[in-house]
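Okay, structure first, notes after.
The values are calculated or read from the model by the stated rules, or taken from the named source; none is laboratory data. This is a predicted model, so every value here is computed, not measured. FYI the Cβ positions are ideal-geometry reconstructions off the backbone, even for glycines, and counts take in every protein chain you see.
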Amino acid sequence: MPDVSLLGSQRWNILDHRDKTALCIGNRMAAWVRKHRNTTIGAAFMVLAVLLFVVFLRDIQDGVAFVASPPPKAVIESNGHEYAGAIGSYCWAGLCADTVGTPTSQEVIRVSRPAIVEVRLPINVDPTGLGANIQRVTDQDTLPTSASEYRWWNVSGGTTIASLPVRRQSLDLSVESGTYVLSIVASWNGRGDCLYGFLIEVE
């Protein structure tokens, strides 16, 4: 359940620019409805505005307002550093996107054996489902793309990593030295699901 105390000024401070803009537009819509509430068009618009506002409030969870936006990024912590995961296929807050292959950041996460990494999901509640998979890759497994932010990989098969449906945990990768793509799929009831990709070099 969302914390009702956050629905006031504290909630406003944590919304990003896009969400503040949405709220301002909502306020202007409400003013228009009040002005024309005695007309047929005004009454119909009022019903629509109320429904849209209810959907908006429903999607405000744990200090984050989801307004048809991609999911926030998961993070891996290793050797005192944080590395954001790349976002692959997802359905989130009414917005869905399918990707070909698994994306990772251009930055490689270097870890030493035994390869144990700390994974932190971006939502302040535990997911209802979580799966982790790791696969060794080479440059031949990369997919051609014009996007420079991510590297895209042809990942299939791999090894399942023992994991729990919790927002923060240590994953024991248990692999030999080499380059790997770690794929994590997490889902939250009422919010959506997302594939996260990480590029890991085990030394």
Evaluate the following for P165: is it in the same structural domain as V100 (by TED's automatic domain parsing), without any contact (Cβ under 8 Å) to a residue 40 or more places away in the chain and surrounded by 14 or more Cβ atoms within 10 Å (Cβ to Cβ)? yes
Please go through the range 84-116 and pick out each residue that is closer than 16 Å to R167 by Cα and crowded, with 20+ Cβ neighbours inside 10 Å. G85
Scan the range 163-203 for residues that are outside any strand (DSSP E or B), on the phi < 0 side of the Ramachandran plot and over 21 Å from the mean Cα position of the chain (by Cα) and report the count. 5
Any residue that is loosely packed, with under 14 Cβ neighbours inside 10 Å, closer than 20 Å to P72 by Cβ and in contact (Cβ under 8 Å) with a residue 40 or more places away in the chain - is there at least one of those in the range 131-144? no
Sort out which residues of the range 89-126 are outside any strand (DSSP E or B) and within 22 Å of D193 (Cα to Cα), and write them in order of number. A93, G94, D98, T99, V100, G101, L121, P122, I123, N124, V125, D126
Residues of the range 97-144 being in contact with an Asp or Glu (Cβ under 6 Å, 6 or more places away or on another chain) and either modelled with pLDDT of 95 or more or not hydrophobic (A, V, I, L, M, F, W, C) (or both), which ones? V108, R110, S112, E118, N124
Residues satisfying the stated conditions in the range 142-162, i.e. of a type outside the set (S, T, Y) and assigned to a loop (DSSP other than H, G, I, E, B): L143, P144, A147, E149, N154, V155, G157, G158, A162
For the range 69-82, how many residues are surrounded by fewer than 20 Cβ atoms within 10 Å (Cβ to Cβ), over 11 Å from the mean Cα position of the chain (by Cα) and not charged (D, E, K, R)? 4
